[in-house]
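Before any comments, here is the structure.
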Amino acid sequence: MTVKVAINGYGTIGKRVADAVAAQDDMEVIGVTKTRPSFGCDLAVRKGYPLYCTYDDPERISAFADAGYACGGGISDLLAVADVVVDCSPGKVGASNMERYKAAGVKWIFQGGEKHATTGRSYTSCANHADNLGAEGTRVVSCNTTGLSRTLVPLLEACGSISVECTMIRRAADPGDSKKGPINAITPVLKVPSHHGPDVMTVRPDIDITSMAVAVPTTIMHMHAIVVTLPDGHGMTTSSVLDLWRQQPRVVLMHGGDTGITSTAEVMEFARDIGRTWGDLHEIFVWEDGVKVEGNKVWYFQAIHQESDVVPENVDAIRALMGTESDWRASVARTDAAIAVFNGLA
Ligand code: NAD
(Lines give C-alpha, C1' and ligand atoms only; values in the text may rest on other atoms or scores of the structure.)
Protein backbone atom coordinates (compact mmCIF):
# COMPACT_ATOMS: atom_id res chain seq x y z
CA MET A 1 0.00 0.00 0.00
CA THR A 2 1.31 3.46 -0.92
CA VAL A 3 0.07 6.07 1.58
CA LYS A 4 -1.27 9.23 -0.10
CA VAL A 5 0.08 12.25 1.77
CA ALA A 6 -1.17 15.84 1.46
CA ILE A 7 0.97 18.70 2.76
CA ASN A 8 -1.14 21.68 3.89
CA GLY A 9 1.27 24.64 4.11
CA TYR A 10 4.33 24.50 1.84
CA GLY A 11 6.66 26.71 3.88
CA THR A 12 9.84 26.07 5.88
CA ILE A 13 8.71 22.74 7.35
CA GLY A 14 6.21 21.76 4.65
CA LYS A 15 8.68 21.83 1.76
CA ARG A 16 11.11 19.69 3.73
CA VAL A 17 8.46 17.18 4.81
CA ALA A 18 7.30 16.92 1.19
CA ASP A 19 10.78 15.88 0.06
CA ALA A 20 11.19 13.45 2.97
CA VAL A 21 7.85 11.81 2.09
CA ALA A 22 8.68 11.73 -1.63
CA ALA A 23 11.92 9.90 -0.76
CA GLN A 24 10.02 6.94 0.78
CA ASP A 25 8.82 3.93 -1.21
CA ASP A 26 5.71 3.37 0.93
CA MET A 27 4.18 6.86 0.61
CA GLU A 28 3.74 9.60 -1.98
CA VAL A 29 3.05 13.35 -2.03
CA ILE A 30 -0.29 13.79 -3.74
CA GLY A 31 -0.35 17.56 -3.36
CA VAL A 32 0.92 20.62 -1.49
CA THR A 33 -0.95 23.84 -0.76
CA LYS A 34 -0.04 27.48 -1.04
CA THR A 35 -2.25 30.34 0.13
CA ARG A 36 -1.49 32.34 -3.02
CA PRO A 37 0.73 32.17 -6.11
CA SER A 38 3.98 33.21 -4.39
CA PHE A 39 7.58 32.14 -5.09
CA GLY A 40 7.24 28.81 -3.21
CA CYS A 41 4.94 27.62 -6.02
CA ASP A 42 7.91 27.46 -8.40
CA LEU A 43 9.67 25.01 -6.08
CA ALA A 44 6.59 22.76 -5.91
CA VAL A 45 6.32 22.80 -9.71
CA ARG A 46 10.02 22.02 -10.12
CA LYS A 47 9.75 19.09 -7.70
CA GLY A 48 6.65 17.79 -9.48
CA TYR A 49 4.27 18.14 -6.50
CA PRO A 50 0.68 18.89 -7.57
CA LEU A 51 -0.26 22.37 -6.38
CA TYR A 52 -3.52 23.17 -4.56
CA CYS A 53 -4.92 26.30 -2.93
CA THR A 54 -5.11 26.42 0.90
CA TYR A 55 -8.70 27.65 0.55
CA ASP A 56 -11.76 26.53 -1.42
CA ASP A 57 -12.69 30.06 -2.49
CA PRO A 58 -12.95 30.00 -6.37
CA GLU A 59 -11.36 33.45 -6.71
CA ARG A 60 -8.29 32.43 -4.71
CA ILE A 61 -8.02 29.19 -6.72
CA SER A 62 -8.24 30.99 -10.07
CA ALA A 63 -5.49 33.42 -8.98
CA PHE A 64 -3.02 30.52 -9.42
CA ALA A 65 -4.00 29.99 -13.07
CA ASP A 66 -3.89 33.77 -13.60
CA ALA A 67 -0.27 33.71 -12.39
CA GLY A 68 0.58 30.81 -14.70
CA TYR A 69 0.44 27.89 -12.20
CA ALA A 70 -1.60 24.73 -12.75
CA CYS A 71 -3.74 24.36 -9.61
CA GLY A 72 -5.62 21.15 -8.79
CA GLY A 73 -8.30 23.03 -6.81
CA GLY A 74 -8.87 23.92 -3.16
CA ILE A 75 -7.95 22.10 0.04
CA SER A 76 -11.18 20.03 -0.10
CA ASP A 77 -10.19 18.65 -3.52
CA LEU A 78 -6.81 17.64 -2.10
CA LEU A 79 -8.23 16.07 1.06
CA ALA A 80 -10.70 14.06 -1.05
CA VAL A 81 -7.79 12.02 -2.48
CA ALA A 82 -5.54 11.88 0.64
CA ASP A 83 -5.06 9.23 3.33
CA VAL A 84 -3.26 11.61 5.68
CA VAL A 85 -2.59 15.34 5.77
CA VAL A 86 0.54 16.85 7.30
CA ASP A 87 -0.49 20.33 8.47
CA CYS A 88 2.54 22.62 8.19
CA SER A 89 0.64 25.88 8.53
CA PRO A 90 2.03 28.61 10.81
CA GLY A 91 1.86 27.99 14.58
CA LYS A 92 -1.63 28.32 16.14
CA VAL A 93 -3.23 28.36 12.66
CA GLY A 94 -3.43 24.59 12.26
CA ALA A 95 -6.05 24.09 14.95
CA SER A 96 -8.61 25.86 12.78
CA ASN A 97 -8.01 23.23 10.05
CA MET A 98 -8.83 20.29 12.34
CA GLU A 99 -12.60 20.11 11.70
CA ARG A 100 -11.99 20.14 7.96
CA TYR A 101 -9.68 17.11 8.25
CA LYS A 102 -12.13 15.23 10.43
CA ALA A 103 -14.99 15.97 8.03
CA ALA A 104 -12.90 14.70 5.10
CA GLY A 105 -12.15 11.47 6.98
CA VAL A 106 -8.36 11.80 6.62
CA LYS A 107 -5.75 11.28 9.31
CA TRP A 108 -3.89 14.40 10.36
CA ILE A 109 -0.51 15.43 11.73
CA PHE A 110 0.07 18.88 13.23
CA GLN A 111 3.38 20.53 14.10
CA GLY A 112 4.84 21.84 17.34
CA GLY A 113 3.31 25.31 16.90
CA GLU A 114 -0.03 23.80 17.95
CA LYS A 115 -0.89 23.04 21.54
CA HIS A 116 -0.93 19.45 22.79
CA ALA A 117 -4.47 20.15 24.05
CA THR A 118 -5.62 20.72 20.46
CA THR A 119 -4.74 17.19 19.44
CA GLY A 120 -4.65 15.40 22.81
CA ARG A 121 -1.75 13.37 21.42
CA SER A 122 1.86 14.17 20.56
CA TYR A 123 4.66 12.31 18.85
CA THR A 124 8.42 11.78 18.84
CA SER A 125 9.83 8.71 17.09
CA CYS A 126 12.03 7.56 19.99
CA ALA A 127 9.59 8.50 22.76
CA ASN A 128 6.12 7.18 21.93
CA HIS A 129 5.78 5.74 18.42
CA ALA A 130 3.83 2.76 19.80
CA ASP A 131 1.28 5.01 21.58
CA ASN A 132 0.43 6.60 18.22
CA LEU A 133 -0.17 3.39 16.25
CA GLY A 134 -3.43 3.59 14.34
CA ALA A 135 -4.42 6.94 15.90
CA GLU A 136 -6.71 9.38 14.07
CA GLY A 137 -4.14 12.16 14.33
CA THR A 138 -1.20 13.50 16.30
CA ARG A 139 1.16 16.45 16.77
CA VAL A 140 4.87 16.13 15.97
CA VAL A 141 6.39 18.13 18.83
CA SER A 142 8.56 21.21 18.27
CA CYS A 143 12.18 21.20 17.17
CA ASN A 144 13.29 21.86 20.77
CA THR A 145 11.12 19.12 22.26
CA THR A 146 12.26 16.68 19.57
CA GLY A 147 15.88 17.51 20.39
CA LEU A 148 15.37 17.06 24.12
CA SER A 149 13.61 13.73 23.59
CA ARG A 150 16.43 12.33 21.46
CA THR A 151 18.98 12.57 24.28
CA LEU A 152 16.75 12.37 27.38
CA VAL A 153 14.66 9.30 26.48
CA PRO A 154 17.74 7.01 26.29
CA LEU A 155 18.90 8.35 29.68
CA LEU A 156 15.46 7.74 31.16
CA GLU A 157 15.32 4.22 29.78
CA ALA A 158 18.83 3.43 31.06
CA CYS A 159 18.29 4.86 34.56
CA GLY A 160 14.57 4.39 35.28
CA SER A 161 13.96 8.01 36.30
CA ILE A 162 15.53 11.40 35.60
CA SER A 163 14.94 14.99 36.60
CA VAL A 164 16.01 17.71 34.17
CA GLU A 165 16.65 21.45 34.17
CA CYS A 166 17.58 23.08 30.89
CA THR A 167 18.12 26.48 29.36
CA MET A 168 17.02 26.91 25.77
CA ILE A 169 19.09 29.45 23.84
CA ARG A 170 16.80 30.03 20.91
CA ARG A 171 17.44 31.39 17.42
CA ALA A 172 15.61 34.67 16.82
CA ALA A 173 14.19 33.77 13.41
CA ASP A 174 14.61 31.26 10.60
CA PRO A 175 17.11 32.32 7.88
CA GLY A 176 14.30 33.05 5.41
CA ASP A 177 12.28 35.16 7.84
CA SER A 178 12.54 38.96 7.64
CA LYS A 179 9.88 39.81 10.24
CA LYS A 180 11.18 38.55 13.59
CA GLY A 181 13.93 39.53 16.01
CA PRO A 182 15.75 40.41 18.21
CA ILE A 183 18.64 41.69 16.09
CA ASN A 184 20.69 43.21 18.93
CA ALA A 185 19.42 41.90 22.25
CA ILE A 186 19.03 38.80 24.39
CA THR A 187 15.35 38.39 25.18
CA PRO A 188 14.36 36.24 28.16
CA VAL A 189 11.07 34.36 28.14
CA LEU A 190 9.63 35.83 31.33
CA LYS A 191 7.04 33.14 31.78
CA VAL A 192 9.05 30.75 33.95
CA PRO A 193 9.42 27.86 33.65
CA SER A 194 9.13 28.15 29.87
CA HIS A 195 6.84 25.74 27.98
CA HIS A 196 9.74 24.12 26.06
CA GLY A 197 11.02 21.58 28.58
CA PRO A 198 7.64 20.57 30.00
CA ASP A 199 6.44 19.88 26.43
CA VAL A 200 8.67 16.76 26.56
CA MET A 201 6.16 15.39 29.08
CA THR A 202 3.51 15.28 26.32
CA VAL A 203 5.51 12.42 24.79
CA ARG A 204 7.15 11.03 27.96
CA PRO A 205 5.21 12.05 31.08
CA ASP A 206 7.75 10.14 33.21
CA ILE A 207 10.51 12.71 32.49
CA ASP A 208 10.47 15.36 35.22
CA ILE A 209 11.63 18.52 33.42
CA THR A 210 11.61 22.31 33.67
CA SER A 211 13.21 24.93 31.42
CA MET A 212 14.02 28.58 30.97
CA ALA A 213 14.50 30.20 27.56
CA VAL A 214 16.15 33.20 25.93
CA ALA A 215 16.08 34.32 22.30
CA VAL A 216 19.38 35.50 20.79
CA PRO A 217 20.28 37.22 17.48
CA THR A 218 21.15 34.17 15.38
CA THR A 219 19.14 32.36 12.70
CA ILE A 220 20.89 29.05 12.25
CA MET A 221 20.35 26.86 15.33
CA HIS A 222 19.07 26.58 18.88
CA MET A 223 21.43 25.55 21.70
CA HIS A 224 20.40 23.71 24.87
CA ALA A 225 22.41 23.75 28.14
CA ILE A 226 21.10 20.77 30.09
CA VAL A 227 21.57 19.44 33.62
CA VAL A 228 20.11 16.00 34.35
CA THR A 229 19.83 14.54 37.85
CA LEU A 230 20.11 10.74 37.79
CA PRO A 231 18.72 8.46 40.52
CA ASP A 232 20.97 7.08 43.28
CA GLY A 233 22.91 4.02 42.18
CA HIS A 234 22.61 4.95 38.49
CA GLY A 235 26.02 3.51 37.56
CA MET A 236 26.51 5.92 34.63
CA THR A 237 29.86 7.48 33.73
CA THR A 238 30.71 10.15 31.17
CA SER A 239 31.86 7.45 28.78
CA SER A 240 28.75 5.25 29.24
CA VAL A 241 26.47 8.24 28.59
CA LEU A 242 28.42 8.97 25.39
CA ASP A 243 28.09 5.29 24.37
CA LEU A 244 24.35 5.43 25.02
CA TRP A 245 23.93 8.43 22.72
CA ARG A 246 26.19 6.87 20.05
CA GLN A 247 23.64 4.04 19.78
CA GLN A 248 20.74 6.49 19.47
CA PRO A 249 19.58 7.27 15.93
CA ARG A 250 19.54 10.92 14.85
CA VAL A 251 22.13 12.01 17.43
CA VAL A 252 25.61 13.07 16.26
CA LEU A 253 28.46 13.21 18.77
CA MET A 254 31.63 15.08 17.92
CA HIS A 255 34.63 16.32 19.87
CA GLY A 256 34.76 20.10 19.54
CA GLY A 257 38.43 20.34 20.49
CA ASP A 258 39.58 17.67 18.02
CA THR A 259 37.36 18.64 15.07
CA GLY A 260 37.34 22.42 15.40
CA ILE A 261 33.55 22.36 15.53
CA THR A 262 33.24 24.68 18.50
CA SER A 263 30.04 26.62 17.77
CA THR A 264 26.77 26.40 15.85
CA ALA A 265 28.48 28.14 12.91
CA GLU A 266 30.82 25.17 12.36
CA VAL A 267 28.01 22.69 13.05
CA MET A 268 26.02 24.23 10.21
CA GLU A 269 29.09 24.24 7.94
CA PHE A 270 29.52 20.52 8.77
CA ALA A 271 25.83 20.02 7.85
CA ARG A 272 26.32 21.80 4.51
CA ASP A 273 29.31 19.52 3.84
CA ILE A 274 27.13 16.43 4.44
CA GLY A 275 25.12 17.49 1.40
CA ARG A 276 21.46 17.26 2.39
CA THR A 277 19.09 19.66 0.68
CA TRP A 278 19.14 23.17 2.21
CA GLY A 279 22.17 22.18 4.33
CA ASP A 280 19.80 20.49 6.80
CA LEU A 281 20.91 18.57 9.88
CA HIS A 282 18.21 16.13 10.99
CA GLU A 283 20.41 14.90 13.82
CA ILE A 284 20.88 16.54 17.22
CA PHE A 285 24.49 17.66 17.64
CA VAL A 286 26.15 16.90 21.00
CA TRP A 287 29.70 18.02 21.85
CA GLU A 288 31.51 15.02 23.38
CA ASP A 289 33.87 17.25 25.29
CA GLY A 290 30.95 19.23 26.71
CA VAL A 291 29.49 16.17 28.46
CA LYS A 292 30.30 15.39 32.08
CA VAL A 293 28.91 13.00 34.67
CA GLU A 294 29.77 13.70 38.31
CA GLY A 295 27.85 12.30 41.25
CA ASN A 296 24.19 12.23 40.25
CA LYS A 297 24.52 14.98 37.62
CA VAL A 298 24.98 14.93 33.85
CA TRP A 299 25.87 18.23 32.16
CA TYR A 300 25.79 18.69 28.40
CA PHE A 301 25.19 21.05 25.48
CA GLN A 302 23.32 20.17 22.30
CA ALA A 303 22.57 22.09 19.13
CA ILE A 304 19.31 21.81 17.20
CA HIS A 305 18.79 22.61 13.53
CA GLN A 306 15.32 24.02 14.05
CA GLU A 307 14.24 23.84 10.42
CA SER A 308 14.89 20.15 9.94
CA ASP A 309 15.12 17.88 13.01
CA VAL A 310 11.33 17.34 12.99
CA VAL A 311 11.23 16.46 9.28
CA PRO A 312 12.02 12.71 9.45
CA GLU A 313 9.79 12.49 12.55
CA ASN A 314 6.81 13.42 10.37
CA VAL A 315 7.56 10.45 8.10
CA ASP A 316 7.69 8.08 11.09
CA ALA A 317 4.48 9.63 12.44
CA ILE A 318 2.72 8.83 9.13
CA ARG A 319 3.74 5.16 9.52
CA ALA A 320 2.52 5.19 13.14
CA LEU A 321 -0.91 6.60 12.24
CA MET A 322 -1.29 4.29 9.24
CA GLY A 323 -0.15 1.34 11.39
CA THR A 324 2.36 0.28 8.73
CA GLU A 325 5.41 0.00 11.03
CA SER A 326 5.11 -0.72 14.74
CA ASP A 327 8.85 -0.69 15.55
CA TRP A 328 10.14 2.89 15.86
CA ARG A 329 13.75 1.93 15.19
CA ALA A 330 12.76 0.12 11.98
CA SER A 331 10.79 3.16 10.82
CA VAL A 332 13.65 5.55 11.62
CA ALA A 333 16.16 3.36 9.76
CA ARG A 334 13.85 3.14 6.73
CA THR A 335 13.11 6.88 6.73
CA ASP A 336 16.73 7.94 7.06
CA ALA A 337 18.06 5.47 4.47
CA ALA A 338 15.50 6.66 1.91
CA ILE A 339 16.32 10.34 2.58
CA ALA A 340 20.03 9.57 2.08
CA VAL A 341 19.30 7.95 -1.30
CA PHE A 342 17.03 10.86 -2.27
CA ASN A 343 19.86 13.30 -1.53
CA GLY A 344 22.34 11.18 -3.51
CA LEU A 345 24.28 10.33 -0.33
CA ALA A 346 23.93 6.54 -0.33
P1 NAD B 1 6.14 28.97 7.57
O2 NAD B 1 5.52 30.28 7.84
O3 NAD B 1 7.51 28.90 7.01
O4 NAD B 1 5.20 28.14 6.58
C5 NAD B 1 3.81 28.04 6.79
C6 NAD B 1 3.12 27.84 5.45
O7 NAD B 1 1.71 27.67 5.67
C8 NAD B 1 3.27 29.06 4.53
O9 NAD B 1 3.52 28.59 3.22
C10 NAD B 1 1.90 29.74 4.64
O11 NAD B 1 1.56 30.46 3.47
C12 NAD B 1 0.97 28.55 4.81
N13 NAD B 1 -0.32 28.87 5.46
C14 NAD B 1 -0.74 30.06 5.97
N15 NAD B 1 -1.99 29.94 6.47
C16 NAD B 1 -2.36 28.66 6.27
C17 NAD B 1 -3.53 27.92 6.59
N18 NAD B 1 -4.59 28.47 7.18
N19 NAD B 1 -3.59 26.60 6.26
C20 NAD B 1 -2.53 25.99 5.65
N21 NAD B 1 -1.38 26.66 5.34
C22 NAD B 1 -1.30 27.97 5.63
O23 NAD B 1 6.03 28.17 8.94
P24 NAD B 1 6.96 26.97 9.41
O25 NAD B 1 8.18 27.53 10.05
O26 NAD B 1 7.08 25.99 8.33
O27 NAD B 1 6.11 26.39 10.61
C28 NAD B 1 5.08 25.43 10.39
C29 NAD B 1 4.79 24.69 11.67
O30 NAD B 1 5.96 23.97 12.05
C31 NAD B 1 4.45 25.59 12.88
O32 NAD B 1 3.56 24.89 13.72
C33 NAD B 1 5.78 25.74 13.58
O34 NAD B 1 5.67 26.05 14.94
C35 NAD B 1 6.35 24.35 13.36
N36 NAD B 1 7.82 24.27 13.44
C37 NAD B 1 8.59 25.23 12.85
C38 NAD B 1 9.96 25.13 12.96
C39 NAD B 1 10.87 26.17 12.37
O40 NAD B 1 11.96 26.37 12.85
N41 NAD B 1 10.49 26.85 11.31
C42 NAD B 1 10.54 24.05 13.64
C43 NAD B 1 9.72 23.05 14.15
C44 NAD B 1 8.35 23.18 14.06
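The values are calculated or read from the model by the stated rules, or taken from the named source; none is laboratory data. A quick note: this is a predicted structure, and the numbers were derived from the prediction, not measured. With ideal geometry, Cβ positions are generated from the backbone for all residues, glycine too; neighbour counts draw on all protein chains shown. Quick note on the areas: whole protein, heavy atoms, side chains included, nothing else; ligands and nucleic acids left out. Shrake-Rupley method; radii C 1.70, N 1.55, O 1.52, S 1.80 Å.
For the range 104-115, filtered to residues that are crowded, with 19+ Cβ neighbours inside 10 Å and farther than 25 Å from Thr2 by Cβ, the residue that is farthest from the ligand (Cβ to nearest atom) is Glu114. Under 6 Å between Cβ atoms, which residue pairs at least 6 apart in sequence (or on different chains) link something in the range 294-322 that is touching a residue at least 60 places away in the same chain (Cβ under 8 Å) and farther than 19 Å from Asn343 by Cα with a partner that is within 15 Å of the ligand (Cβ to nearest atom) and in a helix (DSSP H, G or I)? As it stands, the answer is Ala303/Thr264; Ile304/Cys143; Ile304/Gly147; Gln306/Cys143, since those pairs meet every condition given. For the range 236-258, check the following and say yes or no: at least one residue is touching a helix residue (DSSP H, G or I) at 6+ places or on another chain (Cβ under 7 Å), surrounded by 19 or more Cβ atoms within 10 Å (Cβ to Cβ), on the phi > 0 side of the Ramachandran plot and of a type outside the set (Val, Ile, Thr). Yes.
Here Cys71 meets each of (1) within 10 Å of the ligand (Cβ to nearest atom); (2) over 19 Å from Val141 (Cα atoms) with one exception, condition (1).
The number of residues in the range 57-103 that are part of a helix (DSSP H, G or I) and open to solvent by less than 50 Å² (accessible area, probe 1.4 Å) comes to 11.
Taking Ala20, is it within 15 Å of the ligand (Cβ to nearest atom), within 21 Å of Gly113 (Cβ to Cβ), surrounded by 23 or more Cβ atoms within 10 Å (Cβ to Cβ) and not polar (S, T, N, Q)? The answer is yes for Ala20.
Residue-by-condition table, conditions (1) open to solvent by 60 Å² or more (accessible area, probe 1.4 Å); (2) more than 14 Å from the chain's Cα centre (by Cα); (3) at pLDDT 95 or above:
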{"residue": "Tyr123", "(1), (2), (3)": "no, no, yes"}
{"residue": "Gly147", "(1), (2), (3)": "no, no, yes"}
{"residue": "Thr151", "(1), (2), (3)": "no, yes, yes"}
{"residue": "Ile162", "(1), (2), (3)": "no, yes, yes"}
{"residue": "Arg171", "(1), (2), (3)": "no, yes, yes"}
{"residue": "Gly197", "(1), (2), (3)": "no, yes, no"}
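Out of the residues in the range 87-103 that are more than 16 Å from the chain's Cα centre (by Cα) and near the ligand (Cβ under 6 Å from one of its atoms), which is farthest from Thr145 (Cα to Cα)? Filtering the range 87-103 for residues that are more than 16 Å from the chain's Cα centre (by Cα) and near the ligand (Cβ under 6 Å from one of its atoms), the one farthest from Thr145 (Cα to Cα) comes out as Asn97.
Candidates Glu136, Glu157: the one that is acidic (Asp, Glu) and over 13 Å from Trp328 (Cβ atoms) is Glu136. Across the range 259-294, the qualifying residues are those that are touching a Gly at 6+ places or on another chain (Cβ under 8 Å) and farther than 21 Å from Leu345 by Cβ, and the one among them that is surrounded by the fewest Cβ atoms within 10 Å (Cβ to Cβ) is Thr262.
If we keep just the residues of the range 120-151 that are of a type outside the set (A, V, I, L, M, F, W, C), touching a Phe, Trp or Tyr at 6+ places or on another chain (Cβ under 6 Å) and within 15 Å of the ligand (Cβ to nearest atom), which is farthest from Leu78 (Cα to Cα)? Among them, the one singled out is Ser125.
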